[in-house]
Structure formats: C-alpha cells, structure tokens
Amino acid sequence: MRKTMKPIAIQEIPEHIQNDVGTIYAIHFPKQGYTSDVGIIETANGTYVVKRAKGERFCASLEKDAKALTCLSSTALPIPTLYRFHETKHKKEAWALLEYIEGETLQQALEKETNEAKRQELIFRFGEMLAKIHSTPCPRELIGQKPWLDEMLEKAAYHLAHDHVDGTAELLDELMKKRPAPCPPTLIHGDFTIDNVLVRDGNMVGIIDWSGGAFGDPRYDAALAIRPKQNAFQHESDVIVFFEGYGKKPITKEEYEYFANGLYEFF
C-alpha cells in the first residue's frame with residue numbers, strides 16, 4: 001500500500017523534539033515516505049531526520065521502525081541512530097527523531113548512472129549489503145512468537161479486511177495453500193528495496209525504514225530487492241550481479257512470485 005503524505009510544518013514538531021535539536025532553521029522533504037512524512041531539519045545543533053506517522057496502522061509501523069533501530073544499534077549495520085520516539089495517542093500521531101545520513105537513495109543513484117560498470121558495481125554492493133543483514137544475528141526482541149510467515153499471512157488477512165491493499169481474497173487463499181518450502185530464518189529488513197538503501201560516493205552508507213525488521217524468511221528480502229525499477233533489475237543481468245554480491249544462488253521464479261507479487265501485495 002502506498003500513501004501520499006503532506007509535508008511537516010515546523011510548528012507541528014513536538015516540543016520534546018524541538019528541545020532536543022534546538023532552533024530549527026529550515027526543513028526539506030526528500031523523495032521518501034510512504035507510511036510516514038519524512039523531513040530533513042536544519043537546526044542549531046546540526047542536521048536531523050524527523051518522521052511523522054498518522055493513524056493507528058502507520059503509527060504502529062513507525063514504532064516498529066524505532067524498536068528495530070534500537071535493537072540493532074549495537075550491530076555493525078549502517079543504520080541511523082534513533083534519538084527519540086514520541087507518540088501522541090490523543091492525536092493518533094507518532095514521531096521519530098533520527099540521525100541524518102548524508103547520501104541519496106540507491107534508486108536515485110541508479111536512475112542517473114550512465115556508466116554501466118559503475119551501475120553494476122552498485123547492484124553488486126546492494127547484494128553484499130543484503131548478505132550483511134542476513135548474517136547479522138537477530139536480536140531476541142525481533143523474534144516473533146509464531147513463525148514469520150504465519151504472522152505475515154495473518155497480517156495480510158487483517159489488512160485485506162480493514163485496509164485498502166492491492167491483494168485480493170483469491171490471492172491470499174492461494175498464498176495460504178501454496179507456501180514455499182521452509183528455509184532457515186535470519187534477520188531480515190522486511191522492505192529491502194533500492195528506495196531504502198542510501199549511497200554516497202558509490203558506497204552503501206545507510207539502511208533505512210526498518211518497520212519490517214524481523215526473524216524471517218530471507219527470500220522475502222531478496223525478492224523485494226530485485227523487483228524491476230527504472231534503470232534497475234529490468235534485465236536478468238542485474239539479477240545475476242545482485243546474487244553474485246549476495247553470495248548465494250538466486251531465488252527461484254516461484255519464490256519470487258510468492259513473495260514479490262504475492263505476499264507483498266498486502267503490505
């Protein structure tokens with residue numbers, strides 16, 4: 001599900017966050033934010049990212065993002081530091097204050113890269129970054145009480161009943177009946193796309209939007225990573241390079257369809 005969000009006004013930022021950062025001089029809006037508003041704020045004490053979510057579902061998503069960042073803060077993964085999570089339940093809003101990581105999204109970098117060798121190098125490193133995530137021990141707090149796929153299918157059913165999603169009842173029934181063969185779970189990002197990896201000078205410098213972080217099926221991350229986008233994964237050669245960086249054989253066509261064109265349709 002995708003949602004158009006309105007920009008944040010400086011006066012809307014909670015007092016707690018304004019006290020943390022000092023005087024806010026300016027706020028800019030990157031091309032990010034599907035479930036929350038995202039603003040880059042210039043302040044007396046430096047540059048930060050502020051995120052705002054509205055409504056129960058999106059507030060819960062931002063809270064999960066904040067929890068994952070806290071749990072993963074001691075790992076070697078390049079993730080932003082969470083400075084504050086603030087929820088105003090009476091307004092059904094949630095806010096997060098985050099470290100600003102200078103860079104552009106991998107999608108932006110790939111869209112403008114005209115040198116094919118450099119473009120392929122970015123895709124290779126994208127695969128390497130996913131391997132780094134999947135080899136990082138999963139914090140206990142991110143391990144669910146049920147198997148990950150069971151929880152995801154339950155959430156899919158709930159979203160189908162209560163929200164606007166691209167998936168259908170027929171698709172959900174098929175996903176429940178035709179589950180892929182089990183594979184060992186790992187730490188997963190849960191939305192590992194070229195929109196959620198930041199690049200600077202050809203290096204992967206940040207992984208953002210961790211609301212789907214969990215102990216889950218690594219094939220889900222891989223499937224979302226290779227979904228075709230402008231100047232990325234439109235040809236099989238990109239998929240091959242990605243899995244060379246990842247260090248494992250590519251997922252099957254059936255696995256890709258199940259996760260990218262199936263389960264993801266409910267999220």
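Okay, residues lined up against (1) out of contact with any Leu (no Cβ under 6 Å at 6 or more places or on another chain); (2) touching a residue at least 12 places away in the same chain (Cβ under 8 Å); (3) of a type in the set (Lys, Arg):
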site	(1), (2), (3)
ILE17	no, yes, no
ALA26	yes, yes, no
GLY46	yes, yes, no
LYS54	yes, yes, yes
PHE85	yes, yes, no
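So in region 72-93, with the set limited to residues that are in contact with a strand residue (DSSP E or B) (Cβ under 6 Å, 6 or more places away or on another chain) and modelled with pLDDT under 95, which one is farthest from PHE58 (Cα to Cα)?
Among those residues, the one meeting the criterion is HIS86.
Output the residues belonging to region 25-74 that are part of a helix (DSSP H, G or I) and surrounded by fewer than 19 Cβ atoms within 10 Å (Cβ to Cβ).
In the first step, residues of region 25-74 are kept if they are part of a helix (DSSP H, G or I); the result is 56-71.
Scanning region 25-74 gives GLU56, ARG57, ALA60, GLU63, LYS64, LYS67, THR70, CYS71.
Let's see how each residue does on (1) closer than 20 Å to GLN234 by Cβ; (2) not assigned by TED's automatic domain parsing to the domain that holds GLY212:
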site	(1), (2)
TYR83	no, yes
GLU121	yes, no
THR136	no, no
ALA157	no, no
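Considering only region 225-236, state which residues are in contact (Cβ under 8 Å) with a residue 60 or more places away in the chain and over 15 Å from PHE259 (Cβ atoms).
LYS229, GLN230, ASN231, ALA232, listed by residue number.
Condition (residue is at pLDDT 95 or above, closer than 18 Å to ALA214 by Cα and of a type in the set (Phe, Trp, Tyr)) applied to region 116-129: is it met by at least one residue?
The answer is no, given that none of the residues of region 116-129 is at pLDDT 95 or above, closer than 18 Å to ALA214 by Cα and of a type in the set (Phe, Trp, Tyr).
Which count do you get for residues in region 75-98 that are surrounded by 15 or more Cβ atoms within 10 Å (Cβ to Cβ) and outside any loop (DSSP other than H, G, I, E, B)?
12
Kindly indicate the residue of region 1-28 that is in contact with a Gly (Cβ under 6 Å, 6 or more places away or on another chain) and modelled with pLDDT of 85 or more and also nearest to GLY262 (Cα to Cα) among those meeting that condition.
Here is the first cut: in region 1-28, the ones in contact with a Gly (Cβ under 6 Å, 6 or more places away or on another chain) are 5, 8, 27.
Subsequent filtering for residues that are modelled with pLDDT of 85 or more retains 8, 27.
Numbers: ILE8: 33, ILE27: 37 Å.
Ranking the candidates gives ILE8 first.
Is there any pair with a first residue in region 151-179 that is within 13 Å of ASN261 (Cβ to Cβ) and a second that is part of a helix (DSSP H, G or I) and acidic (Asp, Glu) whose Cβ atoms are under 6 Å apart and which are 6 or more apart or on different chains, and what are they?
Pairs that qualify, where the first residue is within 13 Å of ASN261 (Cβ to Cβ) and the partner is part of a helix (DSSP H, G or I) and acidic (Asp, Glu), are ASP166/GLU265; GLY167/GLU265.
When region 113-136 is examined, which residues are found to be surrounded by fewer than 15 Cβ atoms within 10 Å (Cβ to Cβ) and either free of Cβ contacts under 8 Å to residues at least 60 places away in the same chain or of a type in the set (Gly, Ala, Ser) (or both)?
Within region 113-136, THR114, ASN115, GLU116, ALA117, SER135 meet the criteria.
I'd like to verify a number: residues in region 179-217 that are more than 23 Å from GLU113 (Cβ to Cβ), aliphatic (A, V, I, L, M) and in contact with a strand residue (DSSP E or B) (Cβ under 7 Å, 6 or more places away or on another chain), how many?
Looking only at that region, the number is 3.
The values are calculated or read from the model by the stated rules, or taken from the named source; none is laboratory data. Since we're looking at a predicted model, the values are computed, not measured. Heads up, the Cβs are rebuilt from the backbone with ideal geometry, glycines too, and the neighbour counts pull from every protein chain shown.
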